[in-house]
Every structure is written in C-alpha cells, then in structure tokens.
1. How do the pairs read when you match residues in region 429-453 that are part of a loop (DSSP other than H, G, I, E, B) with residues anywhere that are of a type in the set (Lys, Arg), using Cβ under 9 Å and keeping only pairs 6 or more apart or on different chains?
2. How many residues are among the hydroxyl-bearing types (Ser, Thr, Tyr) and surrounded by fewer than 22 Cβ atoms within 10 Å (Cβ to Cβ) if we restrict to region 380-432?
3. If you take just the helices (runs of 4 or more DSSP H) that sit entirely in region 1-77, which of them hold at least 3 residues that are assigned by TED's automatic domain parsing to the domain that holds Thr183 and surrounded by fewer than 23 Cβ atoms within 10 Å (Cβ to Cβ)?
4. Using beta carbons and a limit of 9 Å, which pairs, at least six apart or on different chains, have the first residue in region 327-348 and touching a residue at least 12 places away in the same chain (Cβ under 8 Å) and the second one of a type in the set (Lys, Arg) and assigned to a helix (DSSP H, G or I)?
5. If the requirement is being free of Cβ contacts under 8 Å to residues at least 40 places away in the same chain, farther than 25 Å from His52 by Cβ, among the hydrophobic types (A, V, I, L, M, F, W, C) and surrounded by fewer than 19 Cβ atoms within 10 Å (Cβ to Cβ), which of these qualifies: Leu377, Leu369?
6. Return the residues of region 458-487 that are touching a residue at least 24 places away in the same chain (Cβ under 8 Å) and out of contact with any strand residue (DSSP E or B) (no Cβ under 7 Å at 6 or more places or on another chain); say none if nothing qualifies.
7. Let me confirm something: among Ser404, Ser394, Ser368, which residue is of a type outside the set (Lys, Arg) and within 27 Å of the chain's Cα centre (by Cα)?
Amino acid sequence: MRSLPYPLICFLSAALTLAVYLFTLAPDLTWANFGSDGGELITAAMTWGVPHPPGYPTYVLLGHLVGWLPFGTAVYRFNLFSAVCVAGAVGLVTAVNYQFVVGDSSPADGDKSPTTNTNATMPAVAAGLTFAFAPLVWGQALVSEVYALNLFCLALFLWALLTARPCWLVGLFLGLSITTHLTSLLMLPLALVGCGRRQRQPLMVGLMIGLLPFLLLPLFAQSGSPVQWGEPDTLRGWWWLVSAQIYRPNFFAVSPALLLSRLANWAILLPAQFLWLGFLFVTLGLAKFRNLYVVNRNPTSAYASRITHHASPITDYRLPITTLFTITLYLLYALVYNTPDAALFTLPVLLLAAMFLGLGLRPLRQWSLLLPLALLLLNFRGQDLRQGVMVRPSATALLQAAPSNALLVSSDSGTTFSLWYFVHVEKQRPDVVVVDSNLFAFDWHRHHLAVQYPLLFVPVADDLPAFYTENEAARPLCFAQLTPEGKPAFRLECGRNP
C-alpha cells in the first residue's frame, strides 16, 4: 500500500464501498429505510418541481442530470445516485483520516520505517469503510432520499475544514450542505471555530454562494410540475418554503414517553453503528487529535497552512470541544423532533465521528480493517434490498384497476408520492388525477390543482366534500391507498362520497 498514491487510496475506498452498495441496491421504488419520499423527490427532479420544504434545489438540479442517464428506470438511477454520493463521502472520510494518521506517524514519533505509510493507510481505510458499513449510513445509500447527498456535501465541508483548505471553500460546501438538509446549519459553530476570526469574511462569502441554489426555487415553480409545494415565486412564500415553517410544530413535540423510548432505543442503536468498540476508538482519536496539531491559517494567504505540534492549550482544545458540541446539538435536535425517521438526523454525527476514527485505530495498524469487515459481514444480509418489497407491483395493480379518468384521492404521503412518480414520470395512466387530501387544506395546493387541471372543480376554501361532490359528476371518484407490504397490495374504493 505504500506505493499507492494518496488520492488512489481514497478512490479505492470509495470504489470498494460502491461495489458493495451495488450488490445490495434497491432495484426499484421502495419504502424501506424510510424511503417513502422517493417518489416525490424523483418526480420533482425529473419535472423541475418543488418538493417538500425546504425545496432541496441542489437535489433537484443534480437529480435532473441523473434522470438523463441512459440506463435502467428513473428509480434505479436515483437509487444509484444515492450510492455514489455515500461512496464519495467514504472517500473523503478516508482522505481526512489519512492526513491525520500520517501526521501522527511522521517526525513527531521518529518512525521513518518503510512500513510507516502502510501503517497509516490501513487505519484511514478502516475508518472510511467503517462509516460505509454502519447500518444507518448503508441504508440511505440504497434508496432515493436526500440524506445521501447531504452526507456527501457535509463530507466535502469537513474535508475542507479539517485539512486546512481555503475558508471560502469551507463556506461554499457548508452552504451547499444546507440546501440538501437544513440540519446542516448545526455545523456552523464548527466552521466558525475552525476558520477563526481572521477568516470569517471569506467563510461567509463562500456560505452565501453555497446557498444560491435556493434562489432557483421561484424558477422551478413556473415549470408546471405536478410537485409544487408552497408559493416560492413570492418573497413570503419563498421564505415559508426555505425555512420549512410547515415542520416547526414537530420541534419539541415529542411526548415524554416517546422521548424515553428513543433514549432507550438509541442508546443501543447508535453505538451499534460502529459495533460499540468503534466509538471507543473515536474517543481516543478525538483526544489524540487535540494533541496532534492545530491548523493555523496564514491571514495573507487562504491557501497556506502550517502544522504545529506544540499549540497553546486554549487553541488545542477549541476544535475538539466544538466538535463534541456539534455532536450534542445533532443528538438533541433528533431526540426532540417528532418524526418517524428522526434517527436519520444522527447521520452527521456518524460522519463527524468517523473523521477521527483513524487516529484511534492507528495502533492496530492492519488489524484495524477487522472493524469494517465485521460490520460488512454482520449487516450485509439485513441491508440487502435486491429482494426487498418494492412499490411497483402495488402501484401498477392499483392504476390498472382504476376507472378511466379517475380522480384518485390519497390520504397518506407514501401513496401520493408513489402515484405521482408512476403517473407523471413513467406515464402510467396519465388520464387519472392524483389528489392528496391532506395537502388540500393548503391554499397554495388548491391553487396549483386549479392551474394544472383547469377542467377540475377546485373550491377556493378548504372544502373537500364540495370538491368530491362537484367532480364526481364528471369523473369517477376513488379513494386509493398502497399497501406494498400487505395483502392485498392496495385499496381502491370508487363511487363513495364520504
């Protein structure tokens, strides 16, 4: 391994990860691993739409490019996109760990033997692969969701920050991370401390540039896509969307019983991501990082950096303490946020932890590879989605059973989003109209329905009974629900006006 160039080591880690992901990738649309938003995200990306807040403009932009790839179904291409994003994050985790471990094994300890680089490479690769095969991370690499892209952008941010890249680049990657998931705002204290006061201005300039994709949302709102949340073409509507105001009631909305349940479950779930012992090595690595070096940025050159092995105690502790503070913020946010997939909000915690894992694993040298190998063997079967439950059979059967020109009313987002995909992307049954009864309560959604379907009667007020009654005279009214994991695989009730 000593003869391999450093970039190639990182590439090989990412390539090995991607190969494993390809063997377990979901071949079609699935609700596994909290992937029920996949249908909406794919439809929005393929039709230049605006998905649920905050609109995920970077995902839409890159997803539209993915949609043009000349192989497989659109769903398969987006699932593959997730796998590539996480594999890229793994390569960056390896890159950061390699530089840390090499720094730890260079002149400071006087070890200049031919095996030094090999001994540094193995823990770095082990750290990257351990992150890759953590169950929560692996699960998001197999389905169409925003978390994979968010991990890649955050990995770029941490790579730039921890390897002393220019602070404008640190800010750029942080801004892009925020456009892929708003929880990335919790990384801001780490960016401020890592860059320091003298580099705060370039950091903020880069951050503003990274946030620019949000300005594309008003353009997406003019596309005529079936996926249009809010009114981003007005300033008030744009801020409502970008700030995700619709989800604010979920914050601190966890009951005491649910909070206790999460604490008990996550106390087992999260340490198990690195097989418990891995987090001990993360702690050792973070402690060692404090003593290893501090990156000092030259105020006259954003590209220059200097490594010192004897930093002041205040500077020595600042970045590790802020890292622990950031981890705490993410954990607290996930604990008190009332959503079924709250555990996924802890993915950046695993990413942060993995950045320091290689330092802790360094004494094990080549034996450190046993940690990711154990994760791979233990989790492969549980993460294999090749034979998992797919939504296509249920959705196809439902659409085939629906009467001509039917008005399909759904009351759950998974059904609505999946039907959007099959109707508007794959063009199965383009004659039917899919309406979500929960979204109908919003003025902007009713307005969008009226514009998209001018022959449909859409009341100005939130009046579902009137909507049903008036439209039932012109087209069959059906209530639809997909149940891909049950038998029958769907429910379709037509001709009933509640």
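The values are calculated or read from the model by the stated rules, or taken from the named source; none is laboratory data. These numbers come from a predicted model, not from an experiment. Positions of Cβ are generated from backbone atoms using ideal geometry, with glycine treated the same way; all protein chains shown enter the neighbour counts.
1. Filtered contacts from region 429-453: Val432/Arg475.
2. Taking region 380-432 first, the residues among the hydroxyl-bearing types (Ser, Thr, Tyr) are 394, 396, 404, 410-411, 413, 415-416, 418, 421.
Within this subset, residues satisfying the condition of being surrounded by fewer than 22 Cβ atoms within 10 Å (Cβ to Cβ) are 396, 404, 411, 413.
The number of residues fulfilling the criteria is 4.
3. Working: elements: 6-24, 38-47, 57-66.
Correct list: 6-24, 57-66.
4. These pairs meet every condition: Ala334/Arg262; Leu335/Arg262; Ala342/Arg262; Ala343/Arg262.
5. Working: Leu369 fails: free of Cβ contacts under 8 Å to residues at least 40 places away in the same chain.
Checking each option against the conditions leaves just Leu377.
6. From region 458-487, those touching a residue at least 24 places away in the same chain (Cβ under 8 Å) are 464-465, 467-469, 471-472, 475-485; that's our starting set.
Those that are touching a residue at least 24 places away in the same chain (Cβ under 8 Å) and out of contact with any strand residue (DSSP E or B) (no Cβ under 7 Å at 6 or more places or on another chain): Leu464, Pro465, Phe467, Thr469, Glu472, Pro484, Glu485.
7. Details: Ser404 fails: within 27 Å of the chain's Cα centre (by Cα); Ser368 fails: within 27 Å of the chain's Cα centre (by Cα).
Of Ser404, Ser394, Ser368, the one residue that is of a type outside the set (Lys, Arg) and within 27 Å of the chain's Cα centre (by Cα) is Ser394.
Condition check ((1) crowded, with 24+ Cβ neighbours inside 10 Å; (2) β-branched (Val, Ile, Thr); (3) modelled with pLDDT under 95) across all residues:
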site: Ala141; (1), (2), (3): yes, no, no
site: Ser144; (1), (2), (3): yes, no, no
site: Phe157; (1), (2), (3): yes, no, no
site: Arg165; (1), (2), (3): no, no, yes
site: Gly171; (1), (2), (3): yes, no, no
site: Leu174; (1), (2), (3): yes, no, no
site: Leu182; (1), (2), (3): no, no, no
